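Asker: The structure's right below; bear with me while I get my questions together.
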Amino acid sequence: MWRCCNSLLLLLASLAHAQSVGTWTRQIPQNFPPPRAEHALAYDVAHSQVVLFGGQADDSYLGDTWVWDGANWTEKSPQTSPGARQEHAMAYDAAHSQVVLFGGVGSGSLGGEVSTTPGSGMEPIGLRSSPPTARPFA
């Protein structure tokens with residue numbers, strides 16, 4: 001079920017319709033991420049953008065970061081980034097004004113690190129205590 005939902009979210013975002021005041025306006029972005037499944041999306045309130053990370057395409061794990069600003073997709077290239085993965089989770093942390101990524105599957109193992117968006121992409125962060133055990137669809 002989640003694979004379907006994640007793919008549906010990306011499809012909707014890739015079709016790039018922006019909603020404003022109860023009406024939909026078709027957007028035709030110049031750039032957009034390649035098709036994928038098993039990815040994660042979260043809305044970054046602090047930067048007014050949707051953040052997309054990872055997923056799977058053609059039996060390969062993806063580790064790219066894209067942001068949607070309401071008009072176009074932009075690929076980000078942070079100096080550090082979490083490993084390529086699928087089936088991870090992302091959510092906005094309002095207390096710290098950043099998107100947090102956790103878990104997922106990559107290269108046959110579960111990702112247990114936590115990563116955040118300091119505005120330019122996903123960067124791994126240190127933890128004060130051990131996170132819960134990672135699992136698919138964290």
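The values are calculated or read from the model by the stated rules, or taken from the named source; none is laboratory data. These numbers come from a predicted model, not from an experiment. So basically every Cβ, Gly included, is an ideal-geometry build from the backbone, and we count neighbours across all protein chains shown.
Asker: Does S77 satisfy the criteria of being within 30 Å of T25 (Cβ to Cβ), polar (S, T, N, Q) and out of contact with any strand residue (DSSP E or B) (no Cβ under 9 Å at 6 or more places or on another chain)?
Answerer: Judged against the criteria, S77 is not a match.
Asker: Can I ask one more? Hey, can you tell me all the residues within the stretch 49-72 that are under 17 Å from L101 (Cα atoms) and of a type in the set (A, V, I, L, M)?
Answerer: Within the stretch 49-72, V50, V51, L52, L62, V67 qualify.
Asker: For the stretch 80-100, what are the residues that are over 30 Å from T25 (Cα atoms) and of a type outside the set (G, A, S)?
Answerer: T80, P82, R85, Q86, E87, H88, H96
Asker: Filter the stretch 38-73 down to residues that are polar (S, T, N, Q) and not in a strand (DSSP E or B) and give me whichever is surrounded by the fewest Cβ atoms within 10 Å (Cβ to Cβ).
Answerer: If we take residues in the stretch 38-73 being polar (S, T, N, Q) and not in a strand (DSSP E or B), then S48 is surrounded by the fewest Cβ atoms within 10 Å (Cβ to Cβ).
Asker: What are the residue pairs meeting all of these: first residue in the stretch 24-39, first residue of a type in the set (D, E), second residue assigned to a loop (DSSP other than H, G, I, E, B) and surrounded by 15 or more Cβ atoms within 10 Å (Cβ to Cβ), Cβ atoms under 7 Å, and 6 or more apart or on different chains?
Answerer: That search, which allows pairs on different chains as well, returns E38/E87.
Asker: Looking only at the stretch 40-84, which residues are within 19 Å of V105 (Cα to Cα), of a type in the set (S, T, N, Q) and touching a residue at least 40 places away in the same chain (Cβ under 8 Å)?
Answerer: Within the stretch 40-84, T65, T80, S81 meet the criteria.
Asker: Is there a residue in the stretch 27-34 that is in contact with an Asp or Glu (Cβ under 9 Å, 6 or more places away or on another chain), at pLDDT 80 or above and polar (S, T, N, Q)?
Answerer: Checking the stretch 27-34: at least one residue is in contact with an Asp or Glu (Cβ under 9 Å, 6 or more places away or on another chain), at pLDDT 80 or above and polar (S, T, N, Q).
Asker: Taking the conditions exactly as written (modelled with pLDDT of 95 or more and either closer than 19 Å to V114 by Cβ or assigned to a loop (DSSP other than H, G, I, E, B) (or both)), does P78 satisfy them or not?
Answerer: no
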